[in-house]
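The values are calculated or read from the model by the stated rules, or taken from the named source; none is laboratory data. Given the structure is predicted, the values throughout are model-derived calculations rather than measurements. A quick note on method: Cβ atoms are made from the backbone with ideal geometry, for glycine too, and the neighbour counts reach across all protein chains shown. Keep in mind that these areas ignore ligands, DNA and RNA; they rest on the heavy atoms of the full protein, side chains included. Shrake-Rupley method; radii C 1.70, N 1.55, O 1.52, S 1.80 Å.
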Amino acid sequence: MNIDEYEKEFVDTYDAFSKAVKCELEAAFETAGENVKRPQAIQSRAKTVKSLRLKLENRNLLASEAIETEIKDLAGVRIIFYTNTDVNYFSGSRLISDRFFVEHKHTKIHYPNPENDDEPYDADHYIVHLTPEILTRSEYSRFKDLRCEIQIQTMLGHVWAEISHEIIYKPEVSGFCNASITAIKKRMRKIVQQYLGPAGHEFDKVLHDFERLRRGKELFDRGMLETLEHSSDNNDRHSTLSTIKEYISSYDDLAAIYPELAQALCNAVNVARQTMPKPIPENFQNLSGYSEGRTAEEITSLAVDILRTLRYFNVEITFHSLAKILRDEADDEVRKDISKAVKQLAGYNIDVWNKCGPGVQCLLTELVEKLPFVDSAPLKQIARIIWCEALGITLEGKSTSLVPDGSGVILTVRRGVVRVSDELKMARRKSINGLIALFDQPGLLAEKKEIVSDLMNAMSEPRVQPEDYHKDLYAMMLSDVEKITDLFAERIDQQPYELLHHIECEIFRTYANQNK
């Protein structure tokens, strides 16, 4: 077939063929189910004689007698999706290959590269024939051996391609003002690089974030805590906890559900400790085809991490939950992780301090007084952490932000100093008395040395210089130093030499640090 024959006899045939391919695609989308994204539009067309002639001229094929083999898009269909993500979903499906016979050797993924002079055209092209089954229909029999090009594009890419086609590939001003045409081409590239490319990326991010929220809402709608409670094994339990951790911050009224959530986390840890790991089938992971199942330690760490993230929604509930989990934990590394969570809860956070002063520390020192920690080493550890943190005077807060060019993350550490108040003095006095009471209990030498180090925290200067309130701060510290010194003096004759030496070294070290 030459171009004259195409114009006189075959334009309508190829137009009908493209409409038939479009019809088959629409039917395929209707039966594909939810796993395949629906396109915004499907367009079909036969190549116009004018456009075909220009293409043949550019390729020196105007005299060809077999243009149907030289030109693959005499019939064309374009599937237009909203975003790159939708295109990727579709590309991962088998909708085209299941519906048509695909010429894989002529199928192309177009993207900017040196071979096309970095032309910013981005699309997937499939060359297809109708299958023998479809050709058995009488209305389709005349399309045997015809080829159609199916293009997959985003909405933004479609707009750019249409404008480019009109302005660049078939300009009415050919041979006139070439410098201006070159400038227009540059502007078209600039539109993709500076506007359409970034816009497409931002659309993808917005839809990704929205999809995350939707999945999180589905979890809450079907009963997040009920799902966790009825997990059949630690693998399911870990999966549910991971989902909760990912989406919990998106819940609008966390304070209302936090008591129930904290209880569910503690229950999940208890059940996990009584559940043997169940192997997870994972092909290609190892020779047996299975990997080790999720352990109770992994469940505990996830639960603690959720409590750590939400710790200030209800300080008392967080405290009791962490104490309950730590009390029965056997793994050393997990115990360390729980202790870190307790320390973060008890520490002087600058943002929390700006809202409620020493309210968290006052509440925690009251709660510790009620703990039955006399015969429980884990609960003693919690008491020590809370008392030690209450004796600190440095406020600290951390925040992250993106580098303006998106190349990394900036970590900002802010520090300040506590302001003296009656509440702060009371929390410190309770902490000193509590640590001394622990010191007086029968115990190992190492434990008593640790308590001495904790008490020295009350004698340490802040890591930043206080401002106008330094007199009140130093007066409070000196009062506490005097109290600690007197308490040690009362007990000095009862202590072994090694402990006396440790006390002397700690006091000297504190003095030396403050006089640098």
Scanning the stretch 24-39 residue by residue, those free of Cβ contacts under 8 Å to residues at least 12 places away in the same chain, assigned to a helix (DSSP H, G or I) and either closer than 16 Å to R142 by Cα or among the acidic types (D, E) (or both) turn out to be E30
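For the stretch 254-370, which fully contained helices (runs of 4 or more DSSP H) count at least 2 residues that are under 15 Å from I382 (Cα atoms)?
296-309, 315-327, 332-346, 359-369
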Which numbered condition A66 fails, given (1) under 24 Å from E133 (Cβ atoms); (2) open to solvent by 30 Å² or more (accessible area, probe 1.4 Å); (3) among the small types (G, A, S): (1)
For I42, only one of the following conditions fails: (1) in contact with a Phe, Trp or Tyr (Cβ under 9 Å, 6 or more places away or on another chain); (2) open to solvent by 50 Å² or more (accessible area, probe 1.4 Å); (3) not in a helix (DSSP H, G or I). What is its number? (2)
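Checking the condition within 24 Å of R142 (Cβ to Cβ), of a type outside the set (F, W, Y) and open to solvent by 30 Å² or more (accessible area, probe 1.4 Å), which residue from K8, K55 passes?
Answer to the selection: K8.
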Just to verify a result, which residue in the stretch 81-121, among those that are in contact with a His (Cβ under 7 Å, 6 or more places away or on another chain), within 25 Å of K186 (Cα to Cα) and not in a loop (DSSP other than H, G, I, E, B), is modelled with the highest pLDDT? K108
Step by step: first the residues of the stretch 452-504, then only those that are open to solvent by less than 50 Å² (accessible area, probe 1.4 Å), farther than 19 Å from E423 by Cα and polar (S, T, N, Q), then the one that is modelled with the lowest pLDDT. Which residue is that? S460
Of the residues that sit in the stretch 341-387 and are free of Cβ contacts under 8 Å to residues at least 12 places away in the same chain and of a type in the set (K, R), which one is least open to solvent (accessible area, probe 1.4 Å)? K370
Do we find that V77 is under 23 Å from T31 (Cα atoms), free of Cβ contacts under 8 Å to residues at least 60 places away in the same chain and of a type outside the set (K, R) in this structure? no
Would you say C356 is over 33 Å from the mean Cα position of the chain (by Cα) and of a type in the set (A, V, I, L, M, F, W, C)? no
Can you tell me how many residues in the stretch 406-428 are without any contact (Cβ under 8 Å) to a residue 24 or more places away in the chain and not in a loop (DSSP other than H, G, I, E, B)? 6
Residue under evaluation Q441, criteria (1) surrounded by fewer than 16 Cβ atoms within 10 Å (Cβ to Cβ); (2) over 30 Å from Q495 (Cα atoms); (3) touching a helix residue (DSSP H, G or I) at 6+ places or on another chain (Cβ under 9 Å); (4) at pLDDT below 90, criterion not met: (2)
Restricting attention to the stretch 309-336, and to residues there that are surrounded by 18 or more Cβ atoms within 10 Å (Cβ to Cβ) and free of Cβ contacts under 8 Å to residues at least 40 places away in the same chain, which single residue is nearest to T365 (Cα to Cα)? R311
Odd one out for S164 among (1) modelled with pLDDT under 80; (2) more than 41 Å from the chain's Cα centre (by Cα): (2)
Within the stretch 69-96, can you find the residues that are open to solvent by less than 30 Å² (accessible area, probe 1.4 Å) and of a type in the set (F, W, Y)? F81, F90
